[in-house]
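S.K.: I'd like to ask some things about the structure below.
The values are calculated or read from the model by the stated rules, or taken from the named source; none is laboratory data. Nothing here was measured: the structure is a model prediction, and the numbers come from that model. Cβ atoms come from the backbone with ideal geometry, glycine included; neighbour counts cover every protein chain shown.
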Amino acid sequence: MAGHHGKFALIILNQPILIHRTLFNNVWQNATYRFCADGGANRLYDLLKTDEERSRYEFLPDYIRGDLDSLRDSVKNYYQSKGVPVEGVDDEYSTDFMKCVELVRAPLEGRRASNLGIIALGGTGGRFDQSMSSIHHLYILNQERQATLVSDESIVVVLGAGTHDITCNLDIEGPTCGIIPVGSTEAILTTTGLKWDIEDWKTSFGTQISTSNALAESKVTIKTNAPVVWTTELRFGEK
């Protein structure tokens, strides 16, 4: 998956899980930790509601954390009965997403997680302000670790200033992609590997931005003088 390499923690946010089940299973199985941010536990529970109990038992998160204003009592009781810790955190200045990020920063007892990346499932889509909040958190996390937002149609990462060599999985990514100067007054971009490559190209809101570009090959290089959002279309057959 573009923008992410190595071990990671999965954080399920409070958005419907619409990605292909095979892809979800792959991400789940490869995660070192699996956390649900408040109502994200509802989404996990509902994803498996048509499965046998045995299957649901195989998808138990390591932890459920948040202000718990969205977590249904029945879901809370189910996971607690299976030994999953559920923690309510009353901090109005921290989102449920970041409350789970703290679990990655301060790993569970007996485990090391300081270098883990993060894949957040459900970070875009739904309410626009919540999507922007998720992207805001990517900018914060970009200073310390790899972080990726995955929705049913998009993969989103933040690229800091510098040159980035990106390997895309063309079986599930593209062709559509974009480089968006969110949070930057202006960025200057040079790319290779795109259908419409650019060189020393100035981009900013109110002038020009690179959306609806396309992957020309699996290897993409992006050089930027300021942080930007890199996004690729996610496609994985019928859901």
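S.K.: Restricting to segment 39-73, count the residues that are touching a residue at least 60 places away in the same chain (Cβ under 8 Å) and assigned to a loop (DSSP other than H, G, I, E, B).
M.R.: Selection size over segment 39-73: 0.
S.K.: Then there's this: Give just the number: which of (1) without any contact (Cβ under 8 Å) to a residue 40 or more places away in the chain; (2) part of a loop (DSSP other than H, G, I, E, B) does T211 not satisfy?
M.R.: All conditions pass for T211, except number (2).
S.K.: Among the residues in segment 37-49, are any modelled with pLDDT of 95 or more and under 14 Å from the mean Cα position of the chain (by Cα)?
M.R.: Looking through segment 37-49, at least one residue is modelled with pLDDT of 95 or more and under 14 Å from the mean Cα position of the chain (by Cα).
S.K.: Considering each residue of segment 214-230, count those that are over 19 Å from A161 (Cβ atoms), out of contact with any Gly (no Cβ under 6 Å at 6 or more places or on another chain) and part of a strand (DSSP E or B), and give that number.
M.R.: So the answer is 1.
S.K.: Quick check on T192: is it modelled with pLDDT under 95, β-branched (V, I, T) and farther than 30 Å from L18 by Cα?
M.R.: Considered against the rule, which asks whether it is modelled with pLDDT under 95, β-branched (V, I, T) and farther than 30 Å from L18 by Cα, T192 comes out as no.
S.K.: Could you check segment 1-19 and list, in sequence order, the residues that are modelled with pLDDT of 85 or more and either surrounded by 19 or more Cβ atoms within 10 Å (Cβ to Cβ) or closer than 17 Å to Y45 by Cα (or both)? First the steps, then the outcome.
M.R.: So in segment 1-19, the residues modelled with pLDDT of 85 or more come out as 7-19.
F8, A9, L10, I11, I12, L13, N14, Q15, P16, I17, L18, I19 - these are the residues of segment 1-19 that are modelled with pLDDT of 85 or more and either surrounded by 19 or more Cβ atoms within 10 Å (Cβ to Cβ) or closer than 17 Å to Y45 by Cα (or both).
S.K.: Do we find a residue being farther than 18 Å from I11 by Cα, modelled with pLDDT of 90 or more and either within 22 Å of the chain's Cα centre (by Cα) or not in a helix (DSSP H, G or I) (or both) anywhere in segment 90-111?
M.R.: No: zero hits.
S.K.: For T224, are the conditions met, namely being surrounded by 14 or more Cβ atoms within 10 Å (Cβ to Cβ), under 23 Å from C100 (Cβ atoms) and hydroxyl-bearing (S, T, Y)?
M.R.: So T224 does not fit the description; no.
S.K.: While we're here: Among the listed residues E102, E173, which satisfies the condition of being touching a Leu at 6+ places or on another chain (Cβ under 7 Å), among the charged types (D, E, K, R) and either crowded, with 20+ Cβ neighbours inside 10 Å or in the same structural domain as I64 (by TED's automatic domain parsing) (or both)?
M.R.: Details: E102 fails: touching a Leu at 6+ places or on another chain (Cβ under 7 Å).
Selected residue: E173, the only one of E102, E173 that is touching a Leu at 6+ places or on another chain (Cβ under 7 Å), among the charged types (D, E, K, R) and either crowded, with 20+ Cβ neighbours inside 10 Å or in the same structural domain as I64 (by TED's automatic domain parsing) (or both).
S.K.: Going through Q143, Q130, Q80 one at a time, which residue ends up being part of a helix (DSSP H, G or I) and at pLDDT below 90?
M.R.: Unique residue meeting the criteria: Q130.
S.K.: Please enumerate the residues belonging to segment 146-186 that are farther than 19 Å from I12 by Cβ, assigned to a strand (DSSP E or B) and of a type outside the set (A, V, I, L, M, F, W, C).
M.R.: G162, T163, H164, D165, T167, E173, G174, P175, T176, G178
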